[in-house]
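The values are calculated or read from the model by the stated rules, or taken from the named source; none is laboratory data. All figures in this text were calculated on a predicted structure; none of them were measured in a lab. Positions of Cβ are backbone-derived with ideal geometry, glycine not excepted, and every protein chain shown enters the neighbour counts.
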Amino acid sequence: MAINVPKEYEVPLYLFHQGKNAEAYKLFGSHFVEKDGVRGVVFRVWAPNALSVSVVGDFNDWNNDANFMYKISDGGVWELFIEGIPEFACYKYCVETPWHERRLKTDPYAFHCQTRPDNASRVYEIDGYEWHDEKWYDYKKEHPHKNMPVNVYEVNAGSWRKYEDGNVFSYRKLADELIPYVKNMGYTHIEFMPLTEYPFDGSWGYQVTGYFAATSRYGEPKDLMYFVDRCHEEGIGVILDWVPAHFPKDAHGLGRFDGTGCYEYEDPRIGEHKEWGTYIFNYGRYEVTSFLLSSAMFWLDKYHVDGIRVDAVASMLYLDYNRNDGEWIANAYGGRENLVAVDFLQKLNTVVHMFHPEAMMIAEESTAWPNVTRYPIKDMGLGFDYKWNMGWMNDMLSYISLDPLWRNYHHDTLTFSMVYAFSENFMLPISHDEVVYGKGSLINKMPGDYDMKFSGVRGFVAYMMAHPGKKLMFMGSEIGQFDEWNANEELEWNLLSFEKHRQLNLFFAEVNKFYRDVPAMHENDYDWDGFQWIALDDYKNSIISFRRIAYDGSEIICVCNFQPVQHDNYVVGVPEYGIYEEVFNSEAEEFGGCGIRNEGELKAKKKKDHELNYSMEITVPPLAVMYFKLKKKLALPVKKKTTAKKDAALAKLKAEKAKKSAKAAPKKEAKAEKVKVEAKSAKAEATAEKVEKKAEPAPEKPVKKAVKAVKEETPAPADVEKKAEKTEKAVKTEKVEKTETAVKAESKTVKAEKPAEKKTTAKK
């Protein structure tokens, strides 16, 4: 350690070289200081293999030899103080490589940069903004985001809206226009595609050159702070897209910063993404770890953002990502896992949660890597708060793109997400990636005619809002934009002059507010306590129904019809006996739908359906998604005595009567016996001739007629019948039994015996 390092920087510098400095931006870059009573700027940069480094800029006419820096650590940190430099002054570092080549590089830690196509760093005072979001931070601490509605509106700042001349809105203009719109639409968060400085518009911000600089396309850093502050005052969170997976090869950027693989791996088999034309960070180098940790913390510390969405996590985790055999190097254990990248991500989430426990860390991760969202971190888990559910996204966009005629053959695609829904803390994304490159806009993914496409969007979004998991929707979907997103053009806001598009926009606002205001729609997002299938097997009709349950037990019943077919008197199981009501319908007339609704009260029936004790009958409109809730519980009706109990009571009563008439039984016994014998004789005579001739059994119908005839010819008196039922010995006399035996032997038509059997049912 050099002796000219200020004492207060000795520890930060040591931690930087150990990969443990998460505030390296306070040490590196350009900072206004006062030295010996003179105000100026101190510059510090890391270039471990450089032979020399100098500061060049508009303050020294870009003279490479005017202001050489001093090496202040054995690890390759360089420093220089220059007095009299004003804010916004442009500068670069002239770095001499081991091969004596001199290259102009922008400051990796710069807080501000020139606007493309220029690319110099600018001196900027990052401190001094007066924040007004204390209440917002207090609210976040009292309301953990996992228990709250999270409905994200993804935005590209340069193409959301523009001036008539084609110029982009500034951060402050966006604050005036975007924030009120998002609030009115019912979204809870705005997620910006990367705002870290980038040179090429066509990269949409995903090829970063300034990891500490808010892009100057829309203003200076404090303008972005103003935007975030205004969001917080309106109760809206801000999420930034962040790219630690790779960086571009632009000559002025991080690539080969000191002539060698400084921030990246030297070996292209692990150091490059050929498909993207980018370098890969060397996560095993301590100084790179400090750099990236500090970048993430910087946006949380200085810009008060509420969350960070980490781009392309899958590309960080696997050494063979987008590589063929022979194009990658296995880890120390022979596996494909990038162990140093895993270690970095674990450190990242640990540090962020330590200093900003209320922040949201979101992973764009598309593989089956385990425990991406488990915290505290265990084994190979990563410690994120949320993971984009790419499986759900791919399945559902595939499903809704199908002609409804074929959807019943793909019903498992619709229901499969619930097999793994609680394996991670998921966020359901319909992002910018799904509406470009020929994939079609959301509304154009829907089959059918003009009206059917609108119905399809409404139904899909209403289903999405009820599905477990936080939500994200890319801008433009809410106005029914038919064209794919074009980063060079603003959204087609003129569509709102057409009624159908205005109605769709209203639908988005209302369903968003319903999701936000009804606890059952967003609580219990990550365990089975918040979800229960009612019916997932009605594949013939492409209908599913399920329950969403809040912490307090209140719930919403969701019924989804993915066919353009109406169903009347459709039975849905419900958990309570009471009055239900329809509280939301995607096909409501005000949304441009068919207007078929379930008006009034829906009384549950005491009839089981799909393992629920009660059910209700509803009308299901075509392509509709409906929400129902219990309006009023009803007391169950008094249970009536069962048939068995009734029979027992009657049997008891008959037995008592039989006992009372026991003395009279002998007098009537002979008469009853005579009646029985005559009946049996009549039946025997009716079949005797056929028996003697050994004829085949008579057809069923004639036999039945014969039985009927016997019944008509031998009616038993009611009093005799009653007594016969309870006095088996009196009725079943030896003589009758013999007659029955004879009849059975002579005829196979057993049915003719039934009248007598019915008269002797005392046991019953």
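Scanning segment 6-23 for residues that are touching a Leu at 6+ places or on another chain (Cβ under 8 Å) and assigned to a helix (DSSP H, G or I) yields TYR9, PRO12, LEU13, PHE16.
Within the option set PRO199, PRO98, PRO149, PRO117, being part of a loop (DSSP other than H, G, I, E, B), touching a helix residue (DSSP H, G or I) at 6+ places or on another chain (Cβ under 6 Å) and at pLDDT 95 or above holds for one residue only, PRO149.
Pick out the one residue from SER477, SER431, SER441 that is of a type in the set (Gly, Ala, Ser), under 13 Å from the mean Cα position of the chain (by Cα) and assigned by TED's automatic domain parsing to the domain that holds PRO621.
On the way: SER477 fails: under 13 Å from the mean Cα position of the chain (by Cα); SER441 fails: under 13 Å from the mean Cα position of the chain (by Cα).
Sole residue among the options that is of a type in the set (Gly, Ala, Ser), under 13 Å from the mean Cα position of the chain (by Cα) and assigned by TED's automatic domain parsing to the domain that holds PRO621: SER431.
When each of GLU142, GLU154 is tested for being in contact with a His (Cβ under 7 Å, 6 or more places away or on another chain), under 20 Å from GLU234 (Cα atoms) and charged (D, E, K, R), the lone residue that passes is GLU154. Per the listing LYS92, LYS135, the residue uniquely in the same structural domain as VAL38 (by TED's automatic domain parsing), at pLDDT 95 or above and either touching a Pro at 6+ places or on another chain (Cβ under 6 Å) or among the basic types (Lys, Arg) (or both) is LYS92.
In segment 69-79, the residue that is farthest from the chain's Cα centre (by Cα) out of those that are surrounded by fewer than 19 Cβ atoms within 10 Å (Cβ to Cβ) and part of a strand (DSSP E or B) is TYR70.
For segment 5-27, a residue qualifies if it is modelled with pLDDT under 90 and either within 19 Å of ASP107 (Cβ to Cβ) or of a type in the set (A, V, I, L, M, F, W, C) (or both), and the qualifying residues are VAL5, TYR9.
Just one of the listed residues (GLU489, GLU523) is part of a loop (DSSP other than H, G, I, E, B) and over 18 Å from the mean Cα position of the chain (by Cα), namely GLU489.
Being in a strand (DSSP E or B) and under 30 Å from TRP131 (Cβ atoms): is that true of LEU224 here? Quick ask: steps written out before the conclusion?
Details: in a strand (DSSP E or B): no; under 30 Å from TRP131 (Cβ atoms): yes.
The answer is no for LEU224.
Can you pull out every residue in segment 534-575 that is surrounded by fewer than 22 Cβ atoms within 10 Å (Cβ to Cβ), farther than 18 Å from TYR515 by Cβ, of a type outside the set (D, E, K, R) and in contact with a helix residue (DSSP H, G or I) (Cβ under 7 Å, 6 or more places away or on another chain)? Once the filter is applied, which keeps residues that are surrounded by fewer than 22 Cβ atoms within 10 Å (Cβ to Cβ), farther than 18 Å from TYR515 by Cβ, of a type outside the set (D, E, K, R) and in contact with a helix residue (DSSP H, G or I) (Cβ under 7 Å, 6 or more places away or on another chain), segment 534-575 yields LEU536, TYR539, GLN563, PRO564. Scanning segment 20-68 for residues that are surrounded by fewer than 16 Cβ atoms within 10 Å (Cβ to Cβ) and among the aliphatic types (A, V, I, L, M), we see that the one that is nearest to CYS113 (Cα to Cα) is VAL33.
In contact with a strand residue (DSSP E or B) (Cβ under 6 Å, 6 or more places away or on another chain), surrounded by 15 or more Cβ atoms within 10 Å (Cβ to Cβ) and modelled with pLDDT of 95 or more: is that true of GLU587 in this structure?
Working: in contact with a strand residue (DSSP E or B) (Cβ under 6 Å, 6 or more places away or on another chain): no; surrounded by 15 or more Cβ atoms within 10 Å (Cβ to Cβ): yes; modelled with pLDDT of 95 or more: yes.
Here the answer is no, as GLU587 does not meet what is asked.
Of everything in segment 117-149 that is surrounded by 14 or more Cβ atoms within 10 Å (Cβ to Cβ) and charged (D, E, K, R), the residue that is nearest to ALA550 (Cα to Cα) is LYS146.
Can you work out which of the residues in segment 10-52 that are aromatic (Phe, Trp, Tyr) and either in contact (Cβ under 8 Å) with a residue 40 or more places away in the chain or not assigned by TED's automatic domain parsing to the domain that holds TYR70 (or both) is nearest to ARG256 (Cα to Cα)?
First pass over segment 10-52, keeping only residues aromatic (Phe, Trp, Tyr): 14, 16, 25, 28, 32, 43, 46.
Then keep just the ones that are either in contact (Cβ under 8 Å) with a residue 40 or more places away in the chain or not assigned by TED's automatic domain parsing to the domain that holds TYR70 (or both); that gives 16, 25, 28, 32, 43, 46.
Working: PHE16: 20, TYR25: 21, PHE28: 19, PHE32: 28, PHE43: 20, TRP46: 12 Å.
Ranking the candidates gives TRP46 first.
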